[in-house]
Amino acid sequence: MAAHLKKRVYEEFTKVVQPQEEIATKKLRLTKPSKSAALHIDLCKATSPADALQYLLQFARKPVEAESVEGVVRILLEHYYKENDPSVRLKIASLLGLLSKTAGFSPDCIMDDAINILQNEKSHQVLAQLLDTLLAIGTKLPENQAIQMRLVDVACKHLTDTSHGVRNKCLQLLGNLGSLEKSVTKDAEGLAARDVQKIIGDYFSDQDPRVRTAAIKAMLQLHERGLKLHQTIYNQACKLLSDDYEQVRSAAVQLIWVVSQLYPESIVPIPSSNEEIRLVDDAFGKICHMVSDGSWVVRVQAAKLLGSMEQVSSHFLEQTLDKKLMSDLRRKRTAHERAKELYSSGEFSSGRKWGDDAPKEEVDTGAVNLIESGACGAFVHGLEDEMYEVRIAAVEALCMLAQSSPSFAEKCLDFLVDMFNDEIEEVRLQSIHTMRKISNNITLREDQLDTVLAVLEDSSRDIREALHELLCCTNVSTKEGIHLALVELLKNLTKYPTDRDSIWKCLKFLGSRHPTLVLPLVPELLSTHPFFDTAEPDMDDPAYIAVLVLIFNAAKTCPTMPALFSDHTFRHYAYLRDSLSHLVPALRLPGRKLVSSAVSPSIIPQEDPSQQFLQQSLERVYSLQHLDPQGAQELLEFTIRDLQRLGELQSELAGVADFSATYLRCQLLLIKALQEKLWNVAAPLYLKQSDLASAAAKQIMEETYKMEFMYSGVENKQVVIIHHMRLQAKALQLIVTARTTRGLDPLFGMCEKFLQEVDFFQRYFIADLPHLQDSFVDKLLDLMPRLMTSKPAEVVKILQTMLRQSAFLHLPLPEQIHKASATIIEPAGESDNPLRFTSGLVVALDVDATLEHVQDPQNTVKVQVLYPDGQAQMIHPKPADFRNPGPGRHRLITQVYLSHTAWTGMPGGSEAAAGLQLQCSHSKMPLDGGW
Amino acid sequence: MPEIRVTPLGAGQDVGRSCILVSIAGKNVMLDCGMHMGFNDDRRFPDFSYITQNGRLTDFLDCVIISHFHLDHCGALPYFSEMVGYDGPIYMTHPTQAICPILLEDYRKIAVDKKGEANFFTSQMIKDCMKKVVAVHLHQTVQVDDELEIKAYYAGHVLGAAMFQIKVGSESVVYTGDYNMTPDRHLGAAWIDKCRPNLLITESTYATTIRDSKRCRERDFLKKVHETVERGGKVLIPVFALGRAQELCILLETFWERMNLKVPIYFSTGLTEKANHYYKLFIPWTNQKIRKTFVQRNMFEFKHIKAFDRAFADNPGPMVRPAAGPASTSTPVGLLSSAGVVFATPGMLHAGQSLQIFRKWAGNEKNMVIMPGYCVQGTVGHKILSGQRKLEMEGRQVLEVKMQVEYMSFSAHADAKGIMQLVGQAEPESVLLVHGEAKKMEFLKQKIEQELRVNCYMPANGETVTLPTSPSIPVGISLGLLKREMAQGLLPEAKKPRLLHGTLIMKDSNFRLVSSEQALKELGLAEHQLRFTCRVHLHDTRKEQETALRVYSHLKSVLKDHCVQHLPDGSVTVESVLLQAAAPSEDPGTKVLLVSWTYQDEELGSFLTSLLKKGLPQAPS
């Protein structure tokens, strides 16, 4: 038999080899179709199942080409029939599954065989594996209805198997392949179309928990594939909620959630009463109940799903925060209720006396329900849970629900505030973020604000900054609240001076949001006196600046406020307006020489005119072609100036203006370079005159790189133009080199390289070429065949004429474009305390930078350290060092380790630059000799 | 009838002196062995003479289980084992084993050295007693003897507190000890699997209370401490050495860490210090946060909390300010000077260091005392909590209390909802309440019976509750029989009873279900045939053979899926049922049909007779 098989293989692949010889076997492996043959030989050689298994394992490590898959499969099948050992059969079955997944191979041809061997298989494990293989085949052929039906039939047949593994796989198969259209199209109504849901549903009560889980998962899979589940499943799933096994309960919770989203408005009866409620409410109640399940996996699952049940009625929703307190059978108020009452009664402190929380009314013993089936207190439990995973899930769910229901947001506030004191920082941070997200819906009471502000002393920077962000968008109800916030922020400032910028920014928003609340505080804050002049505060005091930031921002919308300022306040205003213009708005101050009023009216015209202006100035440039060179230059210069000014004035247009200005500057440089006299002189003698042109070429290159990489939101059509400009610059460079160097040798290489680049351009932007009519490239490509054959000198000549004739390409404006920028907050420039370190040892330097509009900073941003001796070191920050406080904004907080073995240079300045070319002067580091 | 009997010797409708006797399937187990704080006479220990008047306890008890180290659960242990006499095993968890002797020794010192009691157990007795202890791990099944096994579950409450499942065969009892269903700063929440015991014995201290969220309390506590310290005041927190003290320490420590505070925190030396040492060792018994972070830093290695130092007290700080108020004449100035927090024992301000410090600080309105727990009537703690501002101290001194007095309840027992939750988790057949006041138990009992539909008992001390059980008896079935029956029936349906034919053999207290053939073979018996025979009179004038033929064709048409045969001797068989027609001599118009079947075919046989009694259909001819 074996001999016969061998013969067949040799015939098939027409390779005559002696399998006994080592070399021959090697040769076989080298050739392509022989893979199966090699396998076959290996399998035949195998004397024991363990050997065969080894061969199969080795074989599985190597990829198989799509063409040879079928051959391999045949061999495997043949061997399968002969094999007695189930473990080898199992491996073969799994290999079949793997092979059928090979790209480019259509597995329908092996399906019959697979089903065939399935029928004769006795081992449960192998059966399960074969079903898995069938699943792989079935998923590979999603459009073949007949095959799917057949597979579903096979699965149904094996559902009665005694092994849980086989039943699991059958259910999985049903879930993945069960026909979906049954309810829609009537033509598939034959006996083959079974009610998959019914079949799967029957296994909800299987004796094995793994099978039950698989059944629920299969049902969920059906749902995911777009089949509408029946409502009857709901009741079945509810029964599973009290299953003994956690994975069943966890899956059941999911299923209930799915059904509740499908039929939210159906009515279900409440057991043991005549009432009926909406299904989504009922499901909500049930899932809430699972928040106090014994297994934390289920609790996390339940808490997570609660957040996405938005259709639930508000009555039920509010119950989740309700827990009827009781002490010794008397009704007690919660601490939250007490706090609220104290607040409304005007008293502030709480809990002075023992028995302050003494229970009040008697509770009717019959009416107390200790295990409410409803949603009662679900979140109270969830937020108090032992596992922080559950708590985080609960906070997230609270956030989502509060975003959709303002009244709920108001209610959950107390609980969120409580979470600010959680023992795990992650939970605290999450709850602060949540609070920020729902801050539109809420106004903080004074006692809540007090708790919130207490967290400002937290030693974690993330927490403090998150809290500052939160305060930026919080509504405060009273002037005392504002005062409290200011006092706490100032405390924070003295404790953590590094928070300065964040606090100033926070106060800016706090001021501009609550001008009327700040107004009565102004005299106190500025410590002005109606009769006496007070001492002038120190202008450099960060705390004083913080107060001023608050006041000035409030004054922007409150015109009566400046009347309360004293003289030095106005002076300080002028100073701050200049030094911290991003924090201090322009004010219209009465009786003053309006510092910025000359500009301010024009600053704030509506957006449209400036946009229009931008468009107009750009359109003007497009007439460039028809102007004489001199005029063109002037026009460009004017336009560039206009654009730059516009960018400065209108921050939202800065990106666009900068971007187009840069482009125009490139064009200007190009025109200027082409205006050079040197072109008129034939001989390549003007060595020194050419540096303008070569400098221009260099600068254009640089600018185009900046355009390409330093803006976010650049689209493909801009990239083409940018590349085109660069190509022109390269041409220019080539011409200049040709003119200034003697000898042809270097020119050859350059020419070739240039032509290669043109080729690359053409291939890369083939789709955009039609837009480049009349351009440099367009013409260049026309002449490409000629250029390829001509000599360098000739190429240069052609290029030169073409550069001059080529048309100016219009730069289409991108929709959203922002210039990427980075600000290094720390280390601050020109620090008074130079960093000293001993050579050979390491010193850690804190780096704190804000990155704006940088895409994918984790991969693109690096920190460069320049040592005084000119050595540069690139440091790749960890991904975890980047935080994302807002859209388009990143924060890099990292530590850079500096170390240098002895250098002989004198003490000198060293410079660090964040990777995106943003230079920033760095603290001086005189060497404190260690050698 | 098998039954479980439970008799509380202590803690029946009462708090304190926990001691419960359980007999389950012939095994006697004693759960906890505590003392009562309210008594100083014989009533402080359980009455062990209930178990046996004379004779050693070892003969009557199979094992003793201690749930946790509180004295009301283990206080009587040396007395029980050494003075009354018990040599059997005592089971407790590792932390309990470690901490229990410290507390017992402390208890002994107070009783003997301070109160001068004679006839009390000695230090040596405590040591001897602890030698009998077998320590168990969480979720470890310990085989006490061949049949009795116990298993510990996490209970929260204090370090090392456990719930125990006691199991004999298929009968089981779960004893909760004290437990806490909400996690706190150093311990997790109690957890049990769905073990479905016959009986759950649960504590019910807070049977009528539903508690507020712990977070508010924690927040209030921290806020008060922080505010006082910021004002430059001092905070005194009287605590008992173990349990709450550690929770509050962790709370303050993490808060100090978070808020970057520098104000010193002290705790009184002695017990607390020693106990902290054990807390450091038993990290697996603490909550998630501590377990996860201990690799970086053991949370019980406090950075900010230092041992209280007398030298510090005498060393005046920079902000020296004389004591306000007339109270203390001998106050060291140092203690009053700088801000700080002190944890001091004992918790009710009735004696010791906490009272000393209280007297020194009471006069300053900047200071604050926070009572974290309940105070017994008559103690200084109770007086100041009820608002008394002038205290009479010993020696007719009057102490004016100007400092702020706060009350914060940090209790580690499950509330009513928590108890219900645990009952729901374990799904017992019945519940028994102990460790609570009778009136409160009544309410909870009613609720449990109403809402969970579970029987509930609340015996008083000495009262016995008897629960009949129906233990399941395992029966072995031969594989051949099982497979045969499976092949006959349709799908095996889970949880549905099925009818099965077989023979039950009971031999040496084990049960086997085998097929009848095998049973006969094993017992060496011959099989007897049992046949039922019945006569059916048919009105038919034809010959016997023809009648038989008619019967045959009739049956053939009716019983389509049975094998009906007409034998050459004129009789008809349906499966194994034999039918013979005979003509009685007296009346030629009637024929008698003899129907005979074995008892196995009873169903078919009776069906056939009833069918034939209806008569044959008229022949077409």
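The values are calculated or read from the model by the stated rules, or taken from the named source; none is laboratory data. Since the structure is predicted, the reported quantities are computational estimates derived from the model, not experimental observations. Virtual Cβ from ideal backbone geometry, glycine too; neighbours counted across all protein chains shown. What goes into the accessible areas is simple: the full protein's heavy atoms, side chains included, and nothing from ligands, DNA or RNA. Shrake-Rupley method; radii C 1.70, N 1.55, O 1.52, S 1.80 Å.
Tabulated data for the structure shown
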item: Size of electric dipole in segment A:226-296: Cβ of Lys, Arg +1 and of Asp, Glu -1, about Cα centre, debye, nearest 20; result: 200 debye
item: Average beta-carbon neighbours from other chains, 10 Å sphere, peptide A:291-298; result: 3
item: Inter-chain Cβ neighbour average for residues B:446-456, partner chain, 10 Å; result: 2
item: Gyration tensor verdict on chain B (Cα atoms; rounded if a/c is under 1.5, prolate if a/b is larger than b/c, oblate otherwise); result: prolate
item: Shielding by partners - mean other protein chain Cβ count within 10 Å, residues of A:417-424; result: 6
item: Highest-first arrangement of B:152-162, A:108-118, A:404-414, where packing means the average Cβ count within 10 Å; result: B:152-162, A:404-414, A:108-118
item: Calculated FRET value between residue B:477 and residue B:553, using beta carbons and R₀ = 51 Å, to 0.05; result: 0.70
item: Net charge contributed by nearby residues that have their C-beta within less than 13 Å of residue A:311 (K/R +1, D/E -1); result: -3
item: Per DSSP, loop GluC sites (Glu not before Pro) in segment B:465-568 with at most 16 further Cβ within 10 Å; result: B:493, B:527
item: At R0 = 60 Å, FRET efficiency that the Cβ-Cβ distance of residue A:61 and residue A:275 yields, to 0.05; result: 0.40
item: Charge dipole magnitude, Cβ of K and R +1, D and E -1 - segment A:539-588, Cα centre, debye nearest 20; result: 240 debye
item: Cα-centre dipole for segment A:714-759 with unit charges at Cβ (Lys and Arg positive, Asp and Glu negative), debye to 20; result: 200 debye
item: Global form of segment B:61-218, assessed from the alpha-carbon gyration tensor, a/c cut-off 1.5; result: oblate
item: Relative packing of peptides B:198-209, B:74-85 - highest average C-beta neighbours within 10 Å first; result: B:198-209, B:74-85
item: Descending semi-axes in Å of segment B:396-546, equivalent ellipsoid built from Cα gyration tensor; result: 69, 21, 17
item: Neighbourhood charge, 12 Å Cβ-Cβ cut-off, centred on residue A:405 and excluding it, Lys, Arg +1 and Asp, Glu -1; result: -2
item: In Å², nearest 10: area of residue A:234 left accessible to a 1.4 Å probe; result: 0 Å²
item: Buried accessible area, chains A and B (both chains, 1.4 Å probe, Å² to nearest 100); result: 5100 Å²
item: Segment residue A:622-residue A:198, length gained on full extension (0.36 nm per residue, minus Cα span); result: 145.7 nm
item: Global form of segment A:430-554, assessed from the alpha-carbon gyration tensor, a/c cut-off 1.5; result: oblate
item: Projected label distance in nm at residue B:143 and residue A:115, using a 7 Å step from Cα toward the beta-carbon; result: 5.3 nm
item: Cβ-defined net charge surrounding residue B:598, 12 Å radius [Lys, Arg +1; Asp, Glu -1]; result: -4
item: Pairwise FRET efficiency - residue B:446 versus residue B:397, Cβ, R0 = 51 Å, nearest 0.05; result: 0.50
item: Solvent-accessible area lost in complex, 20 Å² minimum, residues of segment B:202-222 relative to chain alone, 1.4 Å; result: B:208, B:209, B:210, B:211, B:212, B:213, B:215, B:216, B:219, B:220
item: Members of segment A:457-483 that become less accessible by 50 Å² or more once partner protein chains are added (1.4 angstrom probe, chain alone as reference); result: A:457
item: Too-long pairs where the Cα-Cα distance tops 19 Å, listed order kept, from A:698/A:862; B:543/B:591; B:262/B:402; result: A:698/A:862; B:262/B:402
item: Inter-label distance, nm, simple model (7 Å from Cα along the C-beta direction), residue B:110/residue B:504; result: 5.8 nm
item: Where labels lie 7 Å past Cα in the beta-carbon direction, separation of residue B:365 and residue A:47 in nm; result: 10.1 nm
